[in-house]
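Visitor: The following block contains the structure, expressed as structure tokens.
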Amino acid sequence: MDGRINTVSSSLPVAVTGVGCLSGGGADVERLWRNLGRAVVNCHPVPGYLFNTVLDYPVFAAPADCFSERACRLVVETSPQFSRESVSRTVLLACSAAAEALIQAGVSVPYLQSVRVGIALGTTVGCTFHNEEYFSAWQKGLAPDLGPIQFHLAGNVASALHRILGTSGPSAVINNACASGTDAIGVARNWLATGQCDIAIAGGADALSRVAYNGFASLMLVDKEACRPFNKNRQGLNLGEGAGVMVLERQESSFSRQVQPLGWVRGYGCAADAWHPTAPHPEGRGLKAALRQALRDCGSEKLVPALINAHGTGTKANDKAETAALAAIFPQTEELVVVSTKGLTGHTLGAAGGIEAILTLIALRAGFTPGTVGCLESDLELSLRPLIQTDNRQLAGTWGISQSLAFGGGNAVLVIEAAS
């Protein structure tokens, strides 16, 4: 059976006024977009500043110093006593993305601290699983120092960002595996639509974790080369890390601040497959339900999006199920423009939905999308033909979809409109 969560009508426009990103694909939104157009692939063995491993599966790692200059300047004003050593790498990534988004949105610190700020961030492990030494000692009956446990318990990325920014308002960490970032944007959008906050910081953040890396390797889902979503000879995914954050607010709020929206989150849907712990339903049952829900939510069940940014991990099970679901919902498959951006970023887990929603919005604003990095020859067994790397495309509209499929059968979909 399908599990569904009701969403709020989008009759009240929720505007996107700022975006921020940091990942292996680029240190900010501008560089991320530029590197996507140039098909720049930053996929290498796990760097020593993350963790040590004997495995040879490459990853998309963010820079060693992932606390940007923008973030440094922001926390000097909001939290002068802040020490980056007191928080996880995931929190630093989130803070860097949030700083970029807040600057673009024209949000000053005094304003931010005077209104109700909702912070909804998706993550999977939150970079708090590097505690094997503690666990080993505990198993042996020793009494290890509780520092790792205290650090783990303080790892709530949304609460940490509230502390750093000196803000108050609703807070949520969405832990719905790879759909977490998409769900977080949907949750924040609903907060705004129901008046629970005045402005929201929403998206996802995840640092590379040794536990997640080993887990995906044990499932034999990882490619030893740079991933090739939808490609005929794809072998799996590569993990990545990063953060993608949107500043959301009600449209009248942005206008009162004399800030023009970049676009709007028009619809949100989520549904569960209830099929398998790690594999999607072969026909994309949950994704189809989430797509229908998102289209109803935006008031246009007949919408044919100008762009679909697919989950597109590069695993055969995901790519087949996802394209099957899209072909069922949008039978005019020859009109669909479908891409995956994971050939640029890798699979950033809880951050993926945030990063990919941003790339969807940027492409819609540009009226143009690059093809799928890493896909040079499309798999003819798929139910539709995503754009290959060399097939750049002009877009025929300003509405698009960004979607995520997760372990456990979670599916989340955003309908995004770009401001013209």
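Visitor: Give Thr341, Thr333 a once-over and let me know the one that is at pLDDT below 95 and hydroxyl-bearing (Ser, Thr, Tyr).
Guide: Of Thr341, Thr333, the one residue that is at pLDDT below 95 and hydroxyl-bearing (Ser, Thr, Tyr) is Thr333.
Visitor: Moving to a separate point now. Scan the range 160-189 for residues that are surrounded by fewer than 22 Cβ atoms within 10 Å (Cβ to Cβ), assigned to a helix (DSSP H, G or I) and polar (S, T, N, Q) and report the count.
Guide: Residues in the range 160-189 being surrounded by fewer than 22 Cβ atoms within 10 Å (Cβ to Cβ), assigned to a helix (DSSP H, G or I) and polar (S, T, N, Q): 0 in total.
Visitor: I've got another one for you. Only one of Leu303, Leu307 is surrounded by fewer than 24 Cβ atoms within 10 Å (Cβ to Cβ), of a type outside the set (Ser, Thr, Tyr) and under 10 Å from Ile401 (Cβ atoms); which? Break it down into steps so the answer makes sense when it comes.
Guide: On the way: Leu307 fails: surrounded by fewer than 24 Cβ atoms within 10 Å (Cβ to Cβ).
Sole residue among the options that is surrounded by fewer than 24 Cβ atoms within 10 Å (Cβ to Cβ), of a type outside the set (Ser, Thr, Tyr) and under 10 Å from Ile401 (Cβ atoms): Leu303.
Visitor: Taking the criterion of being over 29 Å from Val14 (Cα atoms) and within 16 Å of the chain's Cα centre (by Cα), would at least one residue in the range 335-343 satisfy it? Walk me through it before giving the result.
Guide: So the first thing to find is which residues in the range 335-343 are over 29 Å from Val14 (Cα atoms), and the list is 343.
Checking which are within 16 Å of the chain's Cα centre (by Cα) leaves us with 343.
For the range 335-343, residues over 29 Å from Val14 (Cα atoms) and within 16 Å of the chain's Cα centre (by Cα): present.
Visitor: Let me ask something else about it. Take the residues of the range 127-152 that are surrounded by 15 or more Cβ atoms within 10 Å (Cβ to Cβ) and in a loop (DSSP other than H, G, I, E, B): which is modelled with the highest pLDDT?
Guide: The extreme case among them is Pro144.
Visitor: Can we say Thr390 is in contact with a helix residue (DSSP H, G or I) (Cβ under 9 Å, 6 or more places away or on another chain), among the β-branched types (Val, Ile, Thr), on the phi < 0 side of the Ramachandran plot and surrounded by fewer than 24 Cβ atoms within 10 Å (Cβ to Cβ)? Before you say what the answer is, go through the steps one by one.
Guide: Values: in contact with a helix residue (DSSP H, G or I) (Cβ under 9 Å, 6 or more places away or on another chain): no; among the β-branched types (Val, Ile, Thr): yes; on the phi < 0 side of the Ramachandran plot: yes; surrounded by fewer than 24 Cβ atoms within 10 Å (Cβ to Cβ): yes.
In short, no.
Visitor: When you scan the range 209-327 for helices (runs of 4 or more DSSP H) that lie fully inside it, which ones turn up with 3 or more residues that are in contact with a Gly (Cβ under 7 Å, 6 or more places away or on another chain) and not assigned by TED's automatic domain parsing to the domain that holds Phe60?
Guide: Values: elements: 210-218, 251-256, 285-297.
Of the helices (runs of 4 or more DSSP H) lying wholly inside the range 209-327, those with at least 3 residues that are in contact with a Gly (Cβ under 7 Å, 6 or more places away or on another chain) and not assigned by TED's automatic domain parsing to the domain that holds Phe60 span 285-297.
Visitor: Can you tell me how many residues in the range 60-89 are modelled with pLDDT of 95 or more and crowded, with 23+ Cβ neighbours inside 10 Å?
Guide: Number of matching residues: 6.
The values are calculated or read from the model by the stated rules, or taken from the named source; none is laboratory data. Everything quoted here is computed from the prediction, not taken from an experiment. Note that we place each Cβ from the backbone using ideal geometry, even for glycine, and neighbour counts take in every protein chain shown.
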